[in-house]
Amino acid sequence: MSLLEVRDLVVDYRMGTTVVHALRGVSLEVDEGQFIGVVGESGCGKSTLGTAVVGVLGPPGFIVGGSIRFRGVELVGLDAAQRRALRHRGLALVPQAGMNALNPVRSIEGHFRDVLAGTGVRHRAEVRARAVSLLEQVALAPSVLRSYPHELSGGMRQRVALALALALEPQLVVFDEPTTALDVLVQRSVVDTIRSLQQARGFAAIFISHDIGLVASLASRVDVMYAGEVVEAGPTERVVARP
Ligand code: ADP
Ligand code: ADP
């Protein structure tokens with residue numbers, strides 16, 4: 001059994017009478033500890049796939065068909081509370097840099113308090129100790145806890161998002177364009193951190209990007225999406241080497 005099995009997943013966005021068919025029957029598997037890349041041009045459905053897998057796809061997005069099994073447990077059809085419980089048992093998302101990954105009116109310590117509360121850690125001193133240790137793993141100083149998102153650089157905010165995802169002790173992390181909004185040198189150092197964290201912790205990963213070179217440097221397998229479908233999948237060498 002794979003860690004994650006997505007079968008014939010169909011997702012629509014419905015706005016009044018307008019329907020966007022974002023995923024038109026996507027299948028994909030991720031084994032324990034495997035690092036896969038999902039590439040494709042803007043609008044092809046990568047984020048939709050990522051958010052559906054982690055269980056955070058919400059209206060106007062609807063799963064209208066197919067199945068998402070995580071460790072054999074079906075995610076499709078669960079209510080929000082059930083999905084949240086499941087997320088806290090192994091799924092995490094690192095959202096796009098610069099997107100609403102962090103709450104602008106909440107301190108970084110507040111973010112850790114919220115995420116750790118979901119894992120049963122509520123005692124203030126314990127939250128702080130866990131947060132400091134997680135920040136250290138992403139090369140951030142403890143003083144960051146007192147900061148608000150706007151006081152940090154883009155790269156630091158993305159490291160905080162990484163640490164928040166790690167707080168869930170995930171077995172599968174979905175990275176959705178985690179470095180796209182960052183400038184090149186910052187991007188490289190965040191990618192290096194992602195790589196070494198994955199090697200140290202052994203979580204499986206789905207790394208979503210439109211940058212095939214970046215994906216090739218990280219992933220052992222690449223799935224190529226086009227217009228809501230996976231049009232090609234295979235070992236990175238084979239997919240990337242195509243002329
Ligand atoms: P990608 O991540 O590859 O850029 P997305 O998954 O974001 O692609 O989008 C897939 C399709 O779904 C696109 O046509 C996009 O416009 C549409 N879409 C995404 N999010 C929404 C939304 N919240 N409401 C309506 N349409 C959406
Ligand atoms: P739902 O609509 O399913 O209730 P929410 O939009 O309320 O989901 O998501 C908030 C939940 O996401 C919180 O329970 C929080 O602990 C959890 N969460 C916070 N950060 C992450 C992350 N990086 N990855 C996955 N889940 C997270």
**Complete:** Looks like region 98-142, by Cα gyration tensor root eigenvalues a ≥ b ≥ c and the a/c under 1.5 rounded cutoff (else prolate when a/b is bigger than b/c, oblate otherwise), is oblate
**Fill in**
Here the alpha-carbon Rg of region 169-243 over 2.2 N^0.38 Å rounds to 1.13
**Pairwise label distance in nanometres, Val121 with Leu185, each label 7 Å out on the Cα-Cβ vector** = 3.3 nm
**Request:** Label region 138-185 by shape, choosing from rounded, prolate and oblate, from the square roots a ≥ b ≥ c of the eigenvalues of the Cα gyration tensor; if a/c is under 1.5 it is rounded, and otherwise prolate applies when a/b is larger than b/c, oblate when it is not.
**Result:** oblate
**Request:** With r as the distance between the Cβ atoms of Glu151 and Val231 and R0 = 51 Å, compute the FRET efficiency 1/(1 + (r/R0)^6) and round to 0.05.
**Result:** 0.75
**Request:** Let me have the 222 nm mean residue ellipticity of the chain computed from DSSP H runs of 4+ only, each contributing -39500 (n - 2.57), with the sum over all residues rounded to the nearest 500.
**Result:** -10000 deg cm²/dmol
**Message:** So, for the chain, what is the accessible surface per residue at a probe of 1.4 Å, expressed in square angstrom?
**Reply:** 47 Å²
**Request:** Report the antiparallel proportion of the DSSP beta bridges in the chain as a percent, rounded to a multiple of 5.
**Result:** 60 percent
**Request:** Give me Rg over Rh for region 77-181, both radii from the alpha carbons and Rh done the Kirkwood way, two decimal places.
**Result:** 0.95
**Request:** Please report how far the C-alpha centroid of region 83-156 lies from that of region 199-243, rounded to the nearest whole angstrom.
**Result:** 27 Å
**Request:** Report Rg (one decimal) and Dmax (nearest whole number) for region 22-107, counting Cα atoms only, units Å.
**Result:** 13.8, 40
**Asked** Where does the chain land on Rg/Rh, using Cα atoms and the Kirkwood Rh?
**Response** 0.96
**Message:** Accessible area of the chain with a 1.4 Å probe: how many percent of it is carbon plus sulfur?
**Reply:** 52 percent
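The values are calculated or read from the model by the stated rules, or taken from the named source; none is laboratory data. These numbers come from a predicted model, not from an experiment. Virtual Cβ from ideal backbone geometry, glycine too; neighbours counted across all protein chains shown. Areas reflect the complete protein model, heavy atoms only, side chains present, ligands, DNA and RNA absent. Shrake-Rupley method; radii C 1.70, N 1.55, O 1.52, S 1.80 Å.
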